[in-house]
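Here's the structure, in C-alpha cells; my notes come after.
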Amino acid sequence: MSDLLNLLTDIDGISVGHATDLSLGSGVTVIVFDEPAIASGSVLGGAPGGRDTALLDPSMVVDAVDAFVLSGGSAFGLDAAGGVQAGLREMGRGFQVGPVRIPIVPQAILMDLLNGGDKDWGVHSPYREMGYDAVKAARKGVFELGTIGAGAGATTATFKGGLGSATAVSSSGHRIAAIVAVNAVGSATIGEGPHFWAAPFEQGAEFGGLGMPENIDHRLRLKGVKTTATTIGAVVTDASLSKAEAHRLSIAAHDGLARAVLPAHMPLDGDTIFAASTAKEKRDDMASLMELCHLAGIVMARAIARGVYEATALPVPGALMAWRDRYPVKH
C-alpha cells in the first residue's frame with residue numbers, strides 16, 4: 001500500500017470536499033464523482049435521516065449518482081444537499097430531463113445538535129451554504145481526517161468522534177475505500193482504555209498500533225437514551241458493479257461498522273452506508289464481488305477507528321474529550 005494515501009481519493013474519479021464550522025460544532029462532507037457512478041446504499045440504524053435514499057434501492061430506475069453528501073445538523077442538515085446540487089449544476093452536472101439538468105445527490109445526516117456548539121443560527125440553517133462550500137472545495141488527493149466536515153461535531157459514548165477513511169486492494173488489483181463520520185451511540189474503543197475494537201484489522205499503526213487489550217470489557221456503554229446519534233459513510237471501488245451488487249457491498253460494509261463500534265445499529269442510531277463503483281464497464285465475476293464485500297467490512301472498520309483516533313475536541317465549553325487528549329500520539 002506504499003503508493004496509497006489510505007483515503008477515499010485512492011479511487012480514481014473521486015474528489016472530496018469539506019465545510020467545517022467549529023463554533024457551530026458541525027460540518028458537511030461531499031464525495032463528488034467525475035462521472036455518474038453506479039450506486040446503492042443500506043440503512044440499518046433505527047433513527048435514520050436522509051435525502052434521495054429511496055432511489056438507491058436496486059428496484060428503482062435511477063442507477064447512477066453525481067455525489068454523496070454526509071452532513072451534521074440532524075434534519076436541518078438535509079439542506080446541505082441543495083447547496084451541493086447548486087454547485088454541481090454550475091459545473092454542468094446532473095441527470096438530463098429535457099432542457100434541465102438535475103444533479104443526483106443522495107445524502108445521510110447525523111445528529112450533532114447537543115455537542116455544545118452554537119446552534120442559534122436564526123431563521124435559516126447554514127447547511128445549504130455549507131453544502132455549496134463543500135462541493136466547491138472538493139479536490140483529489142490528500143484530505144484531512146478527524147474533526148472536519150461531517151465529522152466536526154461527531155461524538156461517541158466514550159470519546160470525540162470524527163471523519164475517517166481507509167483503503168484496501170483486492171487480489172485482482174481493484175481498490176476499495178471507505179469514508180465515514182463516526183457519531184455512534186456506542187463506543188469505538190474497548191472499556192475505559194485506548195484500544196480500538198477494530199484493532200484486528202489495523203494496517204501498520206494507522207490508529208496507534210496498540211492491538212487488543214489482555215482483557216476485553218464487553219459492558220454496555222451508550223451515549224445516552226435521550227439523543228439520537230448515527231454513523232454515516234460510503235464505500236467506493238474501481239471494480240465494476242451492478243446496482244444490486246453495490247447494494248450488497250453497502251450491506252457488507254455494515255459488518256465493519258459492527259466490528260468497530262459496540263454496540264452498533266441501535267434504535268437511536270441511524271447508521272447509513274452508501275456504496276458506489278467508478279468503473280465504466282461490467283467485467284468482474286462473483287468471486288471478485290465476494291472478496292470486495294469482505295474488504296468493504298474491513299476498510300469500514302479501519303476508517304471508523306481512524307475517525308476517532310484523528311479527532312480533536314471541539315473548542316467549546318464542556319466538549320467531549322478526544323482520544324488524543326487522554327492518549328497523546330507519539331511521533
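General remarks:
- Qualifying positions in region 108-136 - of a type in the set (Phe, Trp, Tyr) and touching an Asp or Glu at 6+ places or on another chain (Cβ under 7 Å): 127
- Among the residues of region 137-153, those identified as touching an Asp or Glu at 6+ places or on another chain (Cβ under 6 Å) and either of a type in the set (A, V, I, L, M) or in a loop (DSSP other than H, G, I, E, B) (or both) are 145, 153.
- For region 277-318, the tally of residues that are surrounded by 20 or more Cβ atoms within 10 Å (Cβ to Cβ) and either in a loop (DSSP other than H, G, I, E, B) or at positive phi (or both) stands at 4.
- Subset of region 48-99 [of a type in the set (Lys, Arg) and either outside any strand (DSSP E or B) or at positive phi (or both)]: 89, 93
- Subset of region 282-331 that is of a type in the set (Asp, Glu) and touching a Ser or Thr at 6+ places or on another chain (Cβ under 6 Å) - its residue that is nearest to residue 206 (Cα to Cα): 291
- Across region 18-37, the number of residues qualifying as crowded, with 22+ Cβ neighbours inside 10 Å and within 19 Å of residue 183 (Cα to Cα) comes to 11.
- Each residue in region 37-92 was checked for being of a type in the set (Lys, Arg) and either within 20 Å of residue 250 (Cβ to Cβ) or touching a residue at least 40 places away in the same chain (Cβ under 8 Å) (or both), and 1 pass.
- Residues that are under 13 Å from the mean Cα position of the chain (by Cα) and either in a loop (DSSP other than H, G, I, E, B) or β-branched (Val, Ile, Thr) (or both), drawn from region 10-22: 16
- Output for region 105-129, where each listed residue is in a loop (DSSP other than H, G, I, E, B), surrounded by fewer than 24 Cβ atoms within 10 Å (Cβ to Cβ) and under 24 Å from the mean Cα position of the chain (by Cα): 113, 114, 116, 117, 118, 119, 125, 126
Every read-out reported here was derived from the displayed coordinates using simple, explicitly stated rules and does not represent laboratory data. Everything numeric here is computed off the predicted structure, so don't read it as measured data. Neighbour counts are summed over all protein chains in view; Cβ atoms, including those assigned to glycine, are modelled from backbone coordinates with ideal geometry.
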